[in-house]
Amino acid sequence: MLIKKSVSIRSSEITPRDIYEQRRKFLKTSIHAGIGLATSGLLTTYSPGVFAGYGLKRLKHTKNSRFTVDDELTKYKDVTTYNNFYEFGTSKSSPAANAGKLTTEPWSIRVEGHVEKPASYHLEDLINENALEERIYRLRCVERWSMVIPWLGFPLAELIKKVKPTSKAKYVEFSTLYRPDEMKGQRRSVLDWPYVEGLRIDEAMNPLAFLAVGLYGEVLPNQNGAPIRLVVPWKYGFKSIKSIVKLRFTEQQPVSSWTRAAPNEYGFYSNVNPEVDHPRWSQSRERRIGDFFKRKTLMFNGYADEVAHLYKGMDLKKYF
Amino acid sequence: MRIAKVVIFILCLVPISLLFYKFFNDGLGANPFEALTRQSGEWTLRFLLLTLSLTPLKILLRKSWPLKFRRMIGLFVYFYASIHLLTYIWFDQFFDWGEIWTDIIKRPFITMGMLSWFILLPLAATSTNAMKKRAGRYWKKIHQLIYLVGVLVLLHYFMLVKADILWPLIYSAIFTCLMLVRLWKLQAPFSALKNAAFYTRLKN
């Protein structure tokens, strides 16, 4: 399969994270100084936690310049404090507040269904620590906000090839961990736990489909789906299932949690599409986190060259 | 009473002041504009329930002073509702009136919200003594529309959440209780009559 090279910036042009953060810190400090000493005691704008995310285990990686975007990266602090991860509560701030309890070691992933090698795999056996790559992807939430995130991980296709699906495998169904004593959001049946998502097998094999184990050079913070999560940037964020414990290869199309909750609002495909409205809001524009003005949402979140062929001839209004 | 009114007036301004403070000091999280809309909406609902709780308070305490604050708190409902609407028109739609109109006719939760604000308009407009006199016997009818607004606002809230209806349920429960106290009060004279009739029958 030929994939057109996206317009890309060289990885050397991306400001290294520490320098970038220092700049921000410097700017903030200057602004504070400017606001005046009288109020300085009150202005605890950077409470602990703002930069505390740094210092997680760093991961060795190479930068994949084929998968990058020109847009400015979203701040680490925003990426890790503004999350939808209902397993830890339904407000944007609850995952960062509650995910600390989650134990991610040991972690295993069960692979079942139509595969030659159904088994329970230790996470370490699925990840080749020497082959991790960094990809900068846009993330578009169905709620009309978006981010740009430098993920670390490996292509989903690599894992799939390893477990050898049979010809009967038309879809992959993913499940998130179900552990209510550590995931307090699961103690209420807001969604039908465990969280389930799915992809068609050709979507899953697409080079863009990525399994992330880190972001900003470090392992994933729990609230972002540690220790391993899916990233499918041409689909709305909820398709990128977090903290995965199971892959099931099926003949039938899986029913994802959000489809089960509201079938008229969240379809199986859920491709980013500015022309197909959510029943309750238009999807034509989005606010990039950090921006004031909204921007136009791009077809397939700007990844049409890579994925449009998967949906050739399909009525995307019907298969939303 | 004058001092009490000033104190309550200042208290009613605390939420908006805090919102402003947080907005300018990075206290509203990664998406401050969305937070402004959400929180001003929540405060509108809280003030609405507060103003609706004054009559029940009067009934339960058998004191009339709660009603003295009804007008002021009612006007704050309108104040917070207007801020809420403004954040939507500005930060969500950037004054794109075409888009706003599409939203109103296509999205029921926007319809509910918008309708609520428009219904509040005559209530706010007839809040002065002069207007009250002018409205005469219609004044009470106009102001009873607040119950309808309560229902619309709660529907607006139910329809906008994605899956977690806990808070809409909590607010609805409070609203229902406040309505029940009123009903109970309305029923009271009738039950007194009924009792009287019953005792008369007993005597005969």
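Pairs meeting the criteria (first residue in the stretch A:274-288 and within 8 Å of another protein chain (Cβ to nearest Cβ), second residue buried (at least 17 other Cβ atoms within 10 Å of the Cβ) and in a strand (DSSP E or B), beta carbons under 7 Å, at least 6 apart or on different chains) are A:ARG287/A:TRP145. The residues in the stretch A:98-111 that are at pLDDT 95 or above and over 16 Å from A:TYR178 (Cβ atoms) can be counted, and the count is 1.
Going by the conditions given, is A:LEU230 outside any loop (DSSP other than H, G, I, E, B) and over 27 Å from A:ALA97 (Cβ atoms)? It is false that A:LEU230 is outside any loop (DSSP other than H, G, I, E, B) and over 27 Å from A:ALA97 (Cβ atoms). Looking across the stretch A:179-193 at every residue that is touching a residue at least 40 places away in the same chain (Cβ under 8 Å) and closer than 18 Å to A:LYS101 by Cα, the one that is nearest to the other protein chains (Cβ to nearest Cβ) is identified as A:GLY185. Of the helices (runs of 4 or more DSSP H) contained entirely in the stretch B:8-117, those carrying at least 2 residues that are away from chain A (no Cβ under 14 Å), touching a Leu at 6+ places or on another chain (Cβ under 9 Å) and at negative phi fall at B:32-52, B:54-61, B:70-87.
Given the options A:SER91, A:SER47, A:SER40, name the one that is modelled with pLDDT of 90 or more and over 20 Å from A:PRO150 (Cα atoms). None of the others qualify; the one that does is A:SER91.
Mind counting the residues in the stretch A:97-135 that are in a strand (DSSP E or B) and among the polar types (S, T, N, Q)? Step through it out loud before you land on a result.
Here is the first cut: in the stretch A:97-135, the residues in a strand (DSSP E or B) are A:108-113, A:115, A:119-122, A:133-135.
Then drop every residue that is not among the polar types (S, T, N, Q), which leaves A:108, A:120.
So the count comes out to 2.
When the stretch B:131-152 is filtered for residues that are within 14 Å of the chain's Cα centre (by Cα) and within 16 Å of B:LEU75 (Cα to Cα), the ones remaining, listed by number, are B:HIS143, B:GLN144, B:LEU145, B:ILE146, B:TYR147, B:VAL149, B:GLY150. Among the candidates A:ALA212, A:ALA204, A:ALA226, the residue that is away from every other protein chain (no Cβ under 14 Å) and modelled with pLDDT under 95 is uniquely A:ALA226.
Does A:LYS246 meet the test of being away from every other protein chain (no Cβ under 14 Å), assigned to a loop (DSSP other than H, G, I, E, B) and either in contact (Cβ under 8 Å) with a residue 12 or more places away in the chain or farther than 20 Å from A:ARG144 by Cα (or both)? Break it down stepwise before answering.
Details: away from every other protein chain (no Cβ under 14 Å): yes; assigned to a loop (DSSP other than H, G, I, E, B): no; either in contact (Cβ under 8 Å) with a residue 12 or more places away in the chain or farther than 20 Å from A:ARG144 by Cα (or both): yes.
For A:LYS246, the condition - away from every other protein chain (no Cβ under 14 Å), assigned to a loop (DSSP other than H, G, I, E, B) and either in contact (Cβ under 8 Å) with a residue 12 or more places away in the chain or farther than 20 Å from A:ARG144 by Cα (or both) - is not met.
Screening A:SER189 against (1) at pLDDT 95 or above; (2) assigned to a loop (DSSP other than H, G, I, E, B); (3) of a type outside the set (Lys, Arg) leaves a single unmet condition, (1). When A:ARG138 is tested against (1) basic (Lys, Arg); (2) assigned to a helix (DSSP H, G or I); (3) closer than 24 Å to A:SER257 by Cα, just one condition goes unmet, and that condition is (2).
For A:LYS161, the requirement of being part of a loop (DSSP other than H, G, I, E, B), over 23 Å from B:LYS162 (Cβ atoms) and either more than 18 Å from the chain's Cα centre (by Cα) or of a type in the set (Phe, Trp, Tyr) (or both) is not met.
The values are calculated or read from the model by the stated rules, or taken from the named source; none is laboratory data. What you see is a predicted model; the values in this text were computed from it and never measured. Don't worry about glycine lacking a Cβ; one is built from the backbone with ideal geometry, like all the others, and counts go over all protein chains shown.
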